[in-house]
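The values are calculated or read from the model by the stated rules, or taken from the named source; none is laboratory data. Since the model is a prediction, treat every value here as computed from it, not as a measurement. Surface areas here come from the heavy atoms of the whole protein model, side chains and all, with no ligands, DNA or RNA. Shrake-Rupley method; radii C 1.70, N 1.55, O 1.52, S 1.80 Å.
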Amino acid sequence: MNDDQMDDDDAAIDRGEPMQEKRYEIRQESNGCWTVVNVLTGLPAASDGRDLTGLGKDDASDIAYALNEDVARHRDSPLV
């Protein structure tokens, strides 16, 4: 687990969320931008046909959080 993943887990604890297996994580790219990644496929998640890449860390984290909430609640996400 890298430091960025630990930061995400710490943020989940700060929000009072239970720790659970995540389907979406964020990854920092070599250019400094962030990507929301589907951990099952290893590919970028997409919304409206656009890969969720080239994001700021806060935006990527918020999107991954929302997607993981939808998965945890077994509901379709409007994002993907």
Karplus 3J(HN,Hα) series, Hz, for the stretch 68-77 with 6.51 cos²θ - 1.76 cosθ + 1.60 (x for Gly, Pro) = 5, 4, 4, 5, 4, 8, 6, 10, 5, 9
Apply the Karplus parameterisation 6.51 cos²θ - 1.76 cosθ + 1.60, with θ equal to phi minus 60°, to every residue of the stretch 49-61 and state each ³J(HN,Hα) to the nearest whole Hz, in sequence, with x for glycine and proline.
-> x, 10, 4, 8, 10, x, 9, x, 4, 5, 5, 4, 5
On the accessible surface of the stretch 40-80, probed at 1.4 Å, how many percent belong to carbon and sulfur atoms?
-> 50
